[in-house]
1. Select, from GLY269, GLY214, the only residue that is in contact with a Phe, Trp or Tyr (Cβ under 8 Å, 6 or more places away or on another chain) and under 28 Å from MET129 (Cβ atoms).
2. Would region 206-229 turn up any residue that is in contact with a strand residue (DSSP E or B) (Cβ under 6 Å, 6 or more places away or on another chain) and assigned by TED's automatic domain parsing to the domain that holds ALA126?
3. Please find, within region 197-223, the residue that is nearest to LYS261 (Cα to Cα) out of those that are surrounded by fewer than 19 Cβ atoms within 10 Å (Cβ to Cβ) and touching a helix residue (DSSP H, G or I) at 6+ places or on another chain (Cβ under 8 Å).
4. What number of residues within region 99-128 are among the aliphatic types (A, V, I, L, M) and loosely packed, with under 12 Cβ neighbours inside 10 Å?
5. Assess whether ALA260 counts as being surrounded by fewer than 22 Cβ atoms within 10 Å (Cβ to Cβ), assigned by TED's automatic domain parsing to the domain that holds GLN103, modelled with pLDDT of 75 or more and under 17 Å from ALA168 (Cβ atoms).
6. Scan region 149-165 residue by residue and report those that are within 12 Å of VAL219 (Cα to Cα) and either buried (at least 20 other Cβ atoms within 10 Å of the Cβ) or not assigned by TED's automatic domain parsing to the domain that holds CYS215 (or both).
7. Count, please, the residues in region 178-200 that happen to be part of a loop (DSSP other than H, G, I, E, B) and in contact with a His (Cβ under 9 Å, 6 or more places away or on another chain).
8. Go through region 148-165 residue by residue and tally those that are over 16 Å from LEU212 (Cβ atoms) and touching a residue at least 24 places away in the same chain (Cβ under 8 Å).
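The values are calculated or read from the model by the stated rules, or taken from the named source; none is laboratory data. These numbers were taken from a predicted model, which means no experiment stands behind them. FYI the Cβ positions are ideal-geometry reconstructions off the backbone, even for glycines, and counts take in every protein chain you see.
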Amino acid sequence: MRDGRPSWHWWWLALAVPVLVGPGAFWLVRAISGGVGGPAWMEEATFARVFQRLLMVGAVGVGIPWFFRWGVRDRAALGLGGEGAWRLFGLGLFFGVVIALVQLTLHLVTGARDWEPSIGWGDAAAVVMAGLGAAFFEEVLFRGALLGVLLRVMGWVPAVMLQAAVYATVHFLKPPGFGEGYGVHVGSGLTLLAAVPGHILGGSARWLVLLLLGCALGVVAAWRRNIWWCAGFHAAIAAGALALPKLTDYEGGAWRMVCAKDPSSGFDGAVLLGVVLCAMVLRPARRGPA
């Protein structure tokens, strides 16, 4: 009897959308922006940005029916079930804030950053909303839907590792060199994809930190059977990374390798998330994740 679940090859269609449509969509955006009354965001659009937006469209178009046929059809399957949701969210938020404050303190004590806050209430609200939005979207997608499907077909260790690797890699689908001034051609989509492995190798420290974050959150989601703690922790980390440049001025100096300008690519971030991962793995090991 044929398995009615969709093939993993469906996801190649999500990549095909920006690869095939990307150049034409970019030229259309530029043509519209060159006209009278064209939106300002179109004038600033780069091929990399158009590619990312089309990739999101492709992922949603493929992902919704794909996850639905895999049984992701309710809040619980998205990781949004369980009791004490807001308590878990608050607990994760607390630990995320602690990690962000430890990293900030380390940067200030070592002199890698100077305390020069330049953030108003409007900017602060925007940082909070951006952190919450990114956290819930990514947690529902990666630790909710994707991890839930992976746990049905493999053990929890490879499932957690695989979703973390996908999560880290997705953040590198905007390699440098495809911004302002890039000459777009018919094969630009494939050219951009071919540049992704080199981008990952060049930013291996950041990829490792994102992998550690994905593993730590994946272990918690598999253990608790929901994403609420993960969403709180992720929101604090994301908001902290956005707020850091608005609160401090980066100097680097002798601590440049340890305390990187990008808080998600420094040795300090890797160590802190490594500690979180160890704590998360050791704690549920006594009970075993789902």
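1. Numbers: GLY269 fails: in contact with a Phe, Trp or Tyr (Cβ under 8 Å, 6 or more places away or on another chain).
Residue meeting the stated conditions: GLY214.
2. no
3. Ranking the qualifying residues of region 197-223, first place goes to ALA205.
4. So the first thing to find is which residues in region 99-128 are among the aliphatic types (A, V, I, L, M), and the list is 99-102, 104, 106, 108-109, 112, 119, 124-128.
Pick out the ones that are also loosely packed, with under 12 Cβ neighbours inside 10 Å and you get 109, 125.
Selection size over region 99-128: 2.
5. Values: surrounded by fewer than 22 Cβ atoms within 10 Å (Cβ to Cβ): no; assigned by TED's automatic domain parsing to the domain that holds GLN103: yes; modelled with pLDDT of 75 or more: yes; under 17 Å from ALA168 (Cβ atoms): yes.
Against the criterion (surrounded by fewer than 22 Cβ atoms within 10 Å (Cβ to Cβ), assigned by TED's automatic domain parsing to the domain that holds GLN103, modelled with pLDDT of 75 or more and under 17 Å from ALA168 (Cβ atoms)), ALA260 does not qualify.
6. Scanning region 149-165 gives LEU151, ALA159, VAL160, GLN163, ALA164.
7. Step one: of region 178-200, the residues part of a loop (DSSP other than H, G, I, E, B) are 178-187.
Remaining after also requiring in contact with a His (Cβ under 9 Å, 6 or more places away or on another chain): none.
Summing the residues that are part of a loop (DSSP other than H, G, I, E, B) and in contact with a His (Cβ under 9 Å, 6 or more places away or on another chain) in region 178-200 gives 0.
8. Within region 148-165, the subset over 16 Å from LEU212 (Cβ atoms) is 148-156, 158-159.
Then keep just the ones that are touching a residue at least 24 places away in the same chain (Cβ under 8 Å); that gives 148-149, 151-152, 156, 159.
Going through region 148-165 one residue at a time, the tally reaches 6.
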